[in-house]
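First comes the structure, then the notes that go with it.
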Amino acid sequence: MFPYVRLRRLRKGKIRNLVRETTLSVDDLVQPIFVDETIDSPVEFSSMPGIYKFPLSEVAKEAKEIAELGIPAVILFGVPAFKDEEGSSSWGENDVIQEAVRRIKAELGDKLVVITDICMCEYTSHGHCGLIDFETEEVLNDQTLEVLGKIAVSHARAGADMVAPSGMMDGMIEAIRAALDFNGFENIPIMSYAAKFFSSFYGPFREAADSGCCFGDRSTYQMDPANSDEALREVTLDIAEGADIIMVKPALSYLDIVYRVKTEFGMPTAAYNVSGEYSMLKAAASNGWLDENKAIYESLISIKRAGADIIITYFAKDAARMLK
């Protein structure tokens, strides 16, 4: 075919932009926010430079800054003052996330979509994502489902626009959907962490959410990183149970899963660019090994190219500034 077909002809100047197949927009991004009711001023995480946990008194201010950058949504994670075996600080009317939602909504109303993470790991003294049988050290799936429903309803009552269950309990979407509908919140969508893998890339999040396990690990309920077909089974079940958006977590090490899920189901698909992926790029950039802005863009565009409609990322604010 050479010299008649020369693909380099389309790589010059503005022509390159005209033929670009994938675009990254600020509308694709969701910024996580950590809210800690034990602190009085923002605290930066040592393992996640540039990422802070905020006291309740400043969460609305942070949310307003995010909204002013054009980012359409945040996802909230809470650190309570009190933890116990049942995670009882997760579903109360005046608990940390419920109060954070009210404060953000009072400040911004519908200018920002507020998504809440539905899990127990930040609220339990043992750090697992559900209730525990301490004799067998087993996470109790079915007993946890009722609690997840209570958490979701409490978040919806506080004004959350969407709930995002992340505990990887079998049947959690059906239980949460039923609880929301029974309590008059049938219009609250569920974004399910449908394919959440047992990953080493969650490490910095454990510091951020203060949610390390006191025994064992999460491999009995989070997915085996070696499995791809199983991810499709998980997604199939969550869609059948009522999920409105499905998520793959982590993102960069699981782009093949993002692609398969989007291709197979054609559903609104999210991918979570997790804490370890953030920290790796930050560490390399701080050592001068990478151009930080170019690496951020390339990693996020790869997630979008794989099929994600929504990217939850700690780089959202950085990316929004670059895209402007």
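Ranking Gly92, Leu131, Ile71 by Cα position along the charge dipole of segment 20-158, where only Lys, Arg, Asp and Glu carry charges on their C-beta atoms, puts Ile71 farthest toward the positive end.
Dividing the summed -39500 (n - 2.57) terms of all DSSP H runs of n ≥ 4 by the residue count of the chain sets its mean residue ellipticity at 222 nm at -12000 deg cm²/dmol. Each label was represented as a point 7 Å from its Cα along the Cα-to-Cβ direction; for Trp289 and Glu138 these points are 4.3 nm apart.
Computed log10 I(q)/I(0) for segment 25-142 at 0.10, 0.12, 0.15 Å⁻¹: -0.34, -0.47, -0.70, from the Debye equation with unit scatterers placed on every C-alpha and solvent omitted.
Both radii come from the Cα set of segment 105-260: Rg as radius of gyration, Rh as Kirkwood radius; their ratio Rg/Rh reads 0.96. Among the protein heavy atoms of the chain, carbon and sulfur supply 50% of the accessible surface, probe 1.4 Å, non-protein parts ignored.
Estimated at 0.36 nm per residue, the fully extended path between Met280 and Ser125 surpasses their Cα-Cα distance by 52.9 nm.
Counting only residues at least eight positions apart within a chain, or on another chain, the aspartates and glutamates with an alpha carbon under 18 Å from that of Lys282 are Glu44, Glu207, Asp291, Glu292, Glu298, Asp318.
Note on segment 211-295: Cα-only Rg and Dmax are 15.8, 47 Å. Bridgeable aspartates and glutamates around Lys304 (alpha carbons under 13 Å apart, same-chain partners fewer than 8 residues away excluded): Glu21, Asp27, Asp28, Asp256. For the pair Val26 and Ser41 in one chain, pulling the backbone fully straight at 0.36 nm per residue adds 2.6 nm over the alpha carbon distance. Straight Cα distances below 17 angstrom link Lys61 to the lysines Lys53, Lys105, Lys111, Lys317, with same-chain residues fewer than 8 positions distant left out. Packing, taken as the mean count of other beta carbons within 10 Å per residue, orders the peptides 22-28, 249-255 from highest to lowest as 249-255, 22-28. Once the chain from Arg305 to Met1 is taken as fully extended at 0.36 nm per residue, the excess over their C-alpha distance is 106.6 nm. Taking a ≥ b ≥ c as the square roots of the Cα gyration tensor eigenvalues, the chain comes out prolate, since a/c reaches at least 1.5 and a/b is larger than b/c.
Of Glu146, Glu62, Glu292, the order by accessible heavy-atom surface (1.4 Å probe, DNA, RNA and ligands excluded), from most exposed downward, is Glu146, Glu292, Glu62.
Of Ile151, Asn183, Phe45, whose Cα points farthest to the positive end of the dipole of the chain (charges on the beta-carbon: +1 Lys, Arg; -1 Asp, Glu; origin at the Cα centre)? Value: Phe45.
When the Cα positions of Leu252, Phe198, Ser286 are compared along the charge dipole of segment 192-319, Ser286 comes out farthest toward the positive end, with charges on each C-beta of Lys, Arg, Asp and Glu. The mean accessible area for residues of segment 1-92, using a 1.4 Å probe and ignoring ligands and nucleic acids, is 57 Å² per residue.
The values are calculated or read from the model by the stated rules, or taken from the named source; none is laboratory data. This is a predicted model, so every value here is computed, not measured. Here Cβ is always computed from backbone atoms with ideal geometry, including for glycine, and neighbour counts include all displayed protein chains. Quick note on the areas: whole protein, heavy atoms, side chains included, nothing else; ligands and nucleic acids left out. Shrake-Rupley method; radii C 1.70, N 1.55, O 1.52, S 1.80 Å.
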